[in-house]
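Each value in this text was obtained by applying a stated rule to the coordinates, not by laboratory testing. For clarity, every value in this text was computed on a predicted model and none was experimentally measured. Cβ placement follows ideal geometry from the backbone for every residue including glycine, while neighbour counts extend to all protein chains displayed.
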Amino acid sequence: MREKIVTGNWKMNKNFPEGINLIQEIIEKGNSTPNVKIIVAPPFLFQYEAFNLLKNTLIGLAAQNCSEQENGAFTGEISAQMLKSAGTQYIILGHSERRSYYHETDQVINLKIKQTLKYDLKPIVCCGELLEEREKNEHFHVIKKQLNGMFEGLSAEQISKLIIAYEPVWAIGTGKTASPEQAQEIHQYIREIIQNSFGGVVAQNISILYGGSCKPSNAKELFEKPDIDGGLIGGASLVADDFIAIAKSF
Ligand code: PEP
C-alpha cells in the first residue's frame, strides 16, 4: 500500500510567532489522522523549533530547499547536512518557483536530490509543465524530460526513497486546479516512466502527490483517483482548518 501524504508548503509566509502558532494548531487538529502522513514545510527559520514541537507527534517536518553543495563558502545557503542536524526529515526540491525565479535546472535539482539522500532525508521532487507547454500539447514530453534529468545516475533503491509531486505551473496559486482526469493522466504517466526505468515494484510503491490550487472543496475528487496519493498544498496550508480538512479528504 502506498503512503497517503499531504504536505503544506508555506513558501515565504508567517513571521516567527505566527508560524509557531500554526504548527501548534496543526498538531492539535491533525495529529489524529493515522491513515495519512501530514507533513509541514515551513521556512528554514522554523526547522529546529518545529522539530521540537513535532517530535512526539505523527506529523512530519520538511524544508523547502537545500544547497547542492556539501558545505563551505556559499553565503546564504543551507546544506542538507545542517537540516538533518536540526531535525528536518523531508526536503521539497525542484519547486516551479525555484526553477523560474532562481533558475534551478534539472541538473542542479539532481545534485540536490543526491545531497538529500546522502543525509538520509526524503526528497519531495516536483515536476510540472507551463501553461504554454500544455497548450502546445507538450506536457508529456516536458514531464519526461524533467524526470529523466532529475533522476540521472540514481539507482532504483534511491528512487524508491523519493516522493514525487506533479504540479502543473498554471495551477499553482492561480485558483485553477487541474481536473482530476488531467491530474490522473499525468500521475499514471509518471508511474509508467518510473516503471520503465526502475521496475514495477518501485513504481507501485512511490507516492505521487498533486499540487496546484488544491483546497478542501476539490481535494476529495482528486484523491479518489488511483494514481493520486495526496497533495502538495500551498495557499491552503496556511490555514490549519483548511489544511487538515484536505488531509481528511481521503
Ligand atoms: C505549491 O506551491 O506547491 C502549491 C501547490 O501552491 P497552491 O496550493 O497555492 O497552488
Estimated 222 nm signal from helices in the chain, with DSSP H stretches of n ≥ 4 weighted -39500 (n - 2.57), rounded to 500: -12500 deg cm²/dmol
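If I take every Cα pair under 8 Å that is 6 or more residues apart in the chain, average their sequence separation and divide by the length, what percent do I get for the relative contact order? Walk me through the intermediate numbers first.
Values: 478 pairs, mean separation 54.7, N = 250.
Averaging sequence separation for qualifying contacts and normalising by length gives 22 percent for the chain.
Relative contact order of region 1-146: what whole-number percent is it, with Cα pairs under 8 angstrom and at least 6 residues apart?
On the way: 208 pairs, mean separation 26.8, N = 146.
So the answer I get is 18 percent.
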Cα-based equivalent ellipsoid, the chain: semi-axes from gyration tensor eigenvalues, Å: 25, 22, 17
Surrounding net charge for Phe44, when Lys and Arg each add one and Asp and Glu each subtract one, Cβ distance under 14 Å: +2
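Short version: what are the Cα gyration tensor semi-axes of region 29-88, square root of 5 times each eigenvalue, largest first, in whole Å?
26, 10, 9
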Cα centroid of region 147-181 to Cα centroid of region 1-44, whole Å: 20
Rg(Cα) / (2.2 N^0.38 Å) computed for region 33-179, rounded to two decimals: 1.08
Flagged links, alpha-carbon separation over 18 Å, of Lys55/Lys84; Lys11/Lys136; Lys225/Lys248; Lys145/Lys225: Lys11/Lys136; Lys145/Lys225
Residue-span extension gain [Glu221 to Leu131] - 0.36 nm each, minus C-alpha spacing: 30.2 nm
Whole-angstrom gap from region 70-84 to region 104-119, using each part's C-alpha centre: 13
Dipole magnitude (debye, nearest 20) for region 100-176, charges at Cβ of Lys, Arg, Asp, Glu: 220
Å³ per residue enclosed by the Cα convex hull of region 98-165: 85
Phi-based couplings in Hz for region 38-54 (Karplus 6.51, -1.76, 1.60; Gly and Pro marked x): 9, 10, 10, 10, x, x, 3, 3, 8, 4, 5, 5, 5, 4, 5, 6, 8
In range of the label at Glu152: residues from region 87-110 whose backbone nitrogen is under 13 Å from the point 7 Å along Cα→Cβ: 105-110
